[in-house]
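The values are calculated or read from the model by the stated rules, or taken from the named source; none is laboratory data. Since we're looking at a predicted model, the values are computed, not measured. Please note: Cβ atoms are built from the backbone with ideal geometry, for glycine as well, and neighbour counts cover all protein chains shown. The area values use the complete protein model at the heavy-atom level, side chains included, leaving out ligands, DNA and RNA. Shrake-Rupley method; radii C 1.70, N 1.55, O 1.52, S 1.80 Å.
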Amino acid sequence: MNTNNKLDLVIAGVGGQGTILASDIIGNSSVLENLPVRAAETHGMAQRGGSVINHVRIGTDLGSMIPEQGADVLLALEPVEAIRYINYLSENGIVVLNTKPVYPVTVTSSDQYPDVSEIINTLKKKYEVYPLDASELAIKAGHPQSMNVVMVGAVSSYLPIGKNRLEECIKDLVPPKTVDINLKAFELGKENISRLIETSAKKP
């Protein structure tokens, strides 16, 4: 858990992935922790498959929009969206990335989509990157639509918010029938990112 009580977070994804719910969980948790929070939702082409970006500023009295190169963390629910919005990330920023692509309607085959490993390797040249297949973890949790909550779990170590508070807001914001699935999704995201961070720390 980040004990600094400040974090500028950009959440990027495409319509239908639940970027707004992820933002709401983090924003509401911040309020319950008595941390000042400002958020801005830029839907762009918010229909399914269109680009969506959310700004979440915790512990700041500045405006709701994060300036370019101002974000501490970029939470990318889709690989290409990480590249699209990487200009918001600071030089020492962290990328938490879902490796499962969402192919635009204009892309008729995976051959036309950038290679995900190349996207990750490009980002790693400049940033600390933690890739995980959050979509697969969501299926393991019980439903593919819980991917966004997997990603909230994955980014939770960087948030100045306690785990219990985040889980409380998940219970409040997801449909009652899906609470157990989403709590498991959160835990899987948190566990997997912890292993990635530990592995990265051991590298020479």
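Can you confirm whether region 159-180 contains a residue that is open to solvent by 80 Å² or more (accessible area, probe 1.4 Å), in contact (Cβ under 8 Å) with a residue 40 or more places away in the chain and farther than 25 Å from LEU89 by Cα? Scanning region 159-180 turns up at least one residue that is open to solvent by 80 Å² or more (accessible area, probe 1.4 Å), in contact (Cβ under 8 Å) with a residue 40 or more places away in the chain and farther than 25 Å from LEU89 by Cα.
Of GLU91, GLU41, GLU68, GLU78, which residue is over 16 Å from LEU159 (Cα atoms), in contact with a strand residue (DSSP E or B) (Cβ under 8 Å, 6 or more places away or on another chain) and open to solvent by 20 Å² or more (accessible area, probe 1.4 Å)? Please lay out each step first, then the result.
Values: GLU91 fails: in contact with a strand residue (DSSP E or B) (Cβ under 8 Å, 6 or more places away or on another chain); GLU68 fails: in contact with a strand residue (DSSP E or B) (Cβ under 8 Å, 6 or more places away or on another chain); GLU78 fails: open to solvent by 20 Å² or more (accessible area, probe 1.4 Å).
Testing whether each residue is over 16 Å from LEU159 (Cα atoms), in contact with a strand residue (DSSP E or B) (Cβ under 8 Å, 6 or more places away or on another chain) and open to solvent by 20 Å² or more (accessible area, probe 1.4 Å) leaves just GLU41.
All conditions in (1) among the small types (Gly, Ala, Ser); (2) farther than 12 Å from ALA22 by Cβ; (3) open to solvent by less than 50 Å² (accessible area, probe 1.4 Å) hold for GLY153, with the sole exception of (2). Residue count for region 141-159 under the criterion of being farther than 13 Å from ASN182 by Cβ, out of contact with any Phe, Trp or Tyr (no Cβ under 8 Å at 6 or more places or on another chain) and not aromatic (Phe, Trp, Tyr): the result is 3.
Scanning region 169-191 for residues that are under 18 Å from the mean Cα position of the chain (by Cα) and within 18 Å of ILE26 (Cβ to Cβ) returns CYS169, ILE170, LEU173, VAL174, ASN182, LEU183, ALA185, PHE186, GLU187, LEU188, GLY189, LYS190. A search for C-beta distances below 6 Å between a residue of region 124-151 that is closer than 11 Å to LYS184 by Cα and any residue that is aromatic (Phe, Trp, Tyr) and surrounded by 23 or more Cβ atoms within 10 Å (Cβ to Cβ), counting only pairs 6+ apart in sequence or on different chains, returns VAL149/PHE186.
Please determine whether any residue of region 141-148 is at positive phi and of a type outside the set (S, T, N, Q). Lay out the reasoning, then the answer.
Quick first cut of region 141-148, residues at positive phi only: 142.
Now drop any that are not of a type outside the set (S, T, N, Q), which leaves 142.
Yes; the residues of region 141-148 include at least one that is at positive phi and of a type outside the set (S, T, N, Q).
Against the condition over 29 Å from GLN112 (Cα atoms), open to solvent by 20 Å² or more (accessible area, probe 1.4 Å) and either modelled with pLDDT of 95 or more or assigned to a strand (DSSP E or B) (or both), how does ARG57 come out, does it pass? No: the conditions fail for ARG57.
Filtered by the rule that a residue be over 16 Å from the mean Cα position of the chain (by Cα) and assigned to a loop (DSSP other than H, G, I, E, B), region 3-38 gives THR3, ASN4, ASN5, LYS6, GLU33, ASN34, LEU35, PRO36.
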